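Laboratory data are not the source of any read-out in this text; all were calculated from the coordinates shown. It should be emphasised that the depicted structure is a prediction, and the values quoted were computed from it without experimental measurement. Every residue, glycine as well, gets a Cβ built from its backbone with ideal geometry; the counts of neighbours run over all protein chains shown.
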Amino acid sequence: MSAKRFRSIALALPEAVEGSHQGHADFRAGHRVFATLGHPDDDWGMVKLTPEQQSVLVGAEPDIFRPVPGGWGKHGSTNVRLARADAATLRSALTMAWRNVAPKSLIEALEKQKR
């Protein structure tokens, strides 16, 4: 997985936009960050999960996912090793992260579209 592909998958989510903070590209839904690229370095991305979601992904794919070191990781922020992630795994993690921060009205509209 490349940073370019991570960006493409993140921006394909409904109303996702790219921004920047602390010198890193971030991806937002409803003004709230759900993912970033380039932290701790260019080999990594980050998805904002719940601690429970993080536990499942890290347990299932420890070569791909790890908690962000420190307090952020304890709250669910999860690093993604880009070189080891495939598109389906990354899409799933990014979608979970997007749903965690997206406005309820946006999630409801997405669900109606799927019906």
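Just a few scattered comments:
- Its relative contact order, with pairs defined as Cα atoms under 8 Å and 6+ residues apart, puts segment 1-67 at 17 percent.
- Each label was represented as a point 7 Å from its Cα along the Cα-to-Cβ direction; for R99 and D63 these points are 2.7 nm apart.
- Vicinal HN-Hα couplings computed from phi for segment 28-34 (Karplus, 6.51 cos²θ - 1.76 cosθ + 1.60; Hz; Gly/Pro x): 10, 10, x, 6, 10, 6, 10
- Value at 222 nm in deg cm²/dmol, rounded to 500, when DSSP H runs of n ≥ 4 in the chain each add -39,500 (n - 2.57): -12500 deg cm²/dmol
- Between the listed residues L110, T95, P69, the Cα displaced farthest toward the positive end of the dipole of segment 10-115, a dipole computed from Cβ unit charges relative to the Cα centre, is found at L110.
- Kirkwood hydrodynamic radius (C-alpha pairs) into Stokes-Einstein, segment 65-115, 37 °C and 0.692 mPa s, D in µm²/s: 261 µm²/s
- Segment W72-E15, length gained on full extension (0.36 nm per residue, minus Cα span): 18.0 nm
- Ellipsoid fit via the Cα gyration tensor, segment 1-87: semi-axes of 19, 15, 13 Å, each the root of five times an eigenvalue, largest first.
- Each of M1, M46 was scored by other Cβ atoms within 10 Å of its Cβ. Listed from fewest to most, they are M1, M46.
- When only alpha carbons are used to place a centre, segment 59-103 and segment 1-34 end up 13 Å from one another.
- Seen from W98, the other residues with C-beta closer than 11 Å to its C-beta sum to a net charge of +4, counting Lys and Arg as +1 and Asp and Glu as -1.
- In this rough spin-label picture, where each label sits 7 Å from Cα along the Cβ direction, the V56-R7 distance is 3.0 nm.
- Long-range amide H partners of A25 with built H, under 5 Å: L37
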